[in-house]
Each structure stands twice: as structure tokens, then as C-alpha cells.
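Right, one structure below, let's go through it.
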Amino acid sequence: MFLQSFYRADPSTVTISAEQGSRFAKTISNDFNPIHDADSKRFCVPGDLLFALTVQRYGLSQRMSFQFSGMVSADTALLFPESPGEQFEIVDGRDKPYLQVSRSGERSDDNQMLESLIKNYVYFSGQNFPHILVPLMAEKNVMINPQRPLVIYESMSLVLDENPQSLQQPEVELDTTSLEVDGKRGNAEFKFNLVDGGKLIGSGVKTLILSGLREYQQQDIDQMVTEYLDNQARHSARA
């Protein structure tokens with residue numbers, strides 16, 4: 001599958017270098033969060049890459065949920081279970097969990113369909129900032145810390161109305177968004193629809209945690225957006 005260049009595998013573990021994680025974020029997710037820059041001191045592997053590797057390995061089930069519980073550093077040796085049941089974890093060599101997965105219902109392992117779903121979902125997911133989050137923060141008059149922005153990918157779940165074995169090229173469309181603020185913490189929720197051949201075939205929701213919230217300042221937001229778009233433009237110029 002197309003993910004082969006974004007990880008290294010041996011018989012027992014999967015590792016992702018900073019360069020591989022960064023390249024996935026920029027070329028597949030269109031995600032230019034500085035935390036995914038290969039030379040960032042705070043680099044972490046994109047959660048969307050963990051999602052993609054999980055779906056590639058175990059297929060798409062009718063009902064799936066993904067709960068992220070830790071940030072994966074570069075070159076962390078990850079253990080993917082060989083024959084998991086309906087609930088399983090992705091852990092490191094010390095048994096520290098990074099992703100909990102639940103699944104049930106019918107399943108498809110069709111590579112072409114899985115590639116379509118993965119590419120569509122992670123591209124949708126990579127548009128959190130600035131396209132979705134900035135309008136939500138403005139509406140609630142809050143913003144993340146521009147010096148140390150902390151937005152945590154908490155979870156994603158999906159439910160299919162169709163047997164996944166019947167799907168061809170599923171696509172993801174944004175439905176509704178919301179942001180609930182409690183002091184310096186925010187919980188963002190992005191609901192989406194799954195569509196195949198113009199037909200609604202399921203739905204899902206992605207949740208994020210925003211920490212260190214403060215009063216919204218347009219000048220600070222404008223600077224954050226400019227830096228983000230400049231990072232995007234520099235990558236496009238090198239491509």
C-alpha cells in the first residue's frame with residue numbers, strides 16, 4: 001500500500017522516523033503543524049499516521065473507535081498485535097499504550113477501498129488549523145497559546161450503515177463543528193459524513209482537546225495563521 005515509505009517494519013515492531021512522520025503530515029494530510037516538522041524539538045508522530053497504519057493492517061470494520069493516549073516520539077518501537085480481537089492497543093516495548101482501538105461488525109480488507117478512505121480521512125483531519133479551529137475560537141472568544149500551542153488529538157469514531165465490503169471509494173465530508181470551553185481547556189468536536197458514489201453510507205466524529213486557552217487576540221491569531229501558511233508555502237516551493 002502507499003504507506004510503505006512512511007514507516008519501517010521488522011518482524012516484531014514498527015518505527016516511524018521524524019522525516020517519515022513529517023513527510024506524511026505534509027504530503028498526505030496537508031498538515032503543517034510545527035509539531036510535525038522533522039527538526040522540531042517537540043516532534044511527535046501524526047495521530048493520523050497511526051490511524052492509517054491501523055486501518056491498513058486490520059481493515060475497515062462497520063463500527064470503529066480510536067482513542068489516542070500518548071504522543072509518539074520519533075523512532076519509538078511500536079507493537080501492533082498479530083491477531084487482535086474486537087478491542088486492542090498499540091503499545092511500545094514498555095507496554096505504554098498510544099492508541100486503543102475498538103471494532104465490531106463486518107470488515108473489508110480491500111486495499112483500493114482502504115487507500116481511498118485513509119487518504120480522504122487524513123486530508124480532512126489535517127484541516128483542523130486554521131480552517132476549522134480559528135472560526136470556532138473566534139466564536140468563543142478564546143485562543144490557544146501562540147508560543148506553545150497545545151491541541152491534542154483525543155479520539156475518532158465512525159459507524160457505517162453499509163457493509164464495508166460493498167464500498168468503492170468512500171469520501172469524508174464535514175458536517176458540523178462545536179467547541180465547548182471550560183476555563184483554560186476546550187473540547188472541540190468535528191462531525192463528518194462518509195459518502196460513497198454520492199450516497200451517504202455512514203458518519204463519524206473527531207474530538208480534540210485544546211489546552212492553555214486565553215482571550216482571543218486577532219493580531220496573535222493572524223500571526224499564527226501567517227506562520228502556518230508560510231510553512232505550507234515553503235514545502236510547496238520545495239516539492
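Points to keep in mind about this one:
- Gained length - ARG8 relative to GLN219, 0.36 nm times residue gap less alpha-carbon distance: 71.8 nm
- Gyration tensor (alpha-carbon) shape descriptor, region 88-132, a/c threshold 1.5: oblate
- Cα-based shape type of region 82-220, given that a ≥ b ≥ c are square roots of the gyration tensor eigenvalues and the cut on a/c is 1.5: oblate
- Taking the centroid of alpha carbons for each part, region 82-101 and region 204-227 are 31 Å apart.
- The gain in end-to-end length when the GLU82 to LYS184 segment is fully stretched comes to 32.6 nm, 0.36 nm per residue minus the alpha carbon separation.
- The chain, helix-only ellipticity at 222 nm - DSSP H runs n ≥ 4, -39,500 (n - 2.57), divided by all residues, nearest 500: -9000 deg cm²/dmol
- Least to most buried among LYS41, LYS140, LYS26 (fewest other Cβ within 10 Å first): LYS41, LYS140, LYS26
- Euclidean distance between Cα centres, region 119-141 to region 1-44, Å: 21 Å
- Radius 14 Å from Cβ of PRO81, net charge of other residues (Lys, Arg +1; Asp, Glu -1): -3
- With R₀ fixed at 22 Å, the C-beta to C-beta distance from ASN141 to GLN232 puts the FRET efficiency at about 0.25.
- Exposed GluC sites (Glu not before Pro) absent - longest run of the chain, DSSP non-H/G/I/E/B, at most 13 other C-beta within 10 Å: 87-239
- When +1 charges are put on Lys and Arg Cβ atoms and -1 charges on Asp and Glu Cβ atoms, the dipole computed for the chain relative to its Cα centre reaches about 460 debye.
- The ranking of HIS235, HIS131 from fewest to most other beta carbons within 10 Å of each one's beta carbon is HIS131, HIS235.
- Over the chain, Cα pairs under 8 Å with separation of 6+ residues give a relative contact order of 18 percent.
- Sum of side-chain charges, ASP220 neighbourhood, beta-carbon under 14 Å (Lys, Arg +1; Asp, Glu -1): -1
- Gain on full stretching of the segment that runs from SER69 to GLN112 - 0.36 nm per residue minus C-alpha separation: 12.5 nm
Only the coordinates and a few stated rules stand behind these numbers; no lab work does. As the structure is a prediction and not an experimental result, all values here were calculated from the model. We place every Cβ from the backbone using ideal geometry, glycine too, and count neighbours over all the protein chains shown.
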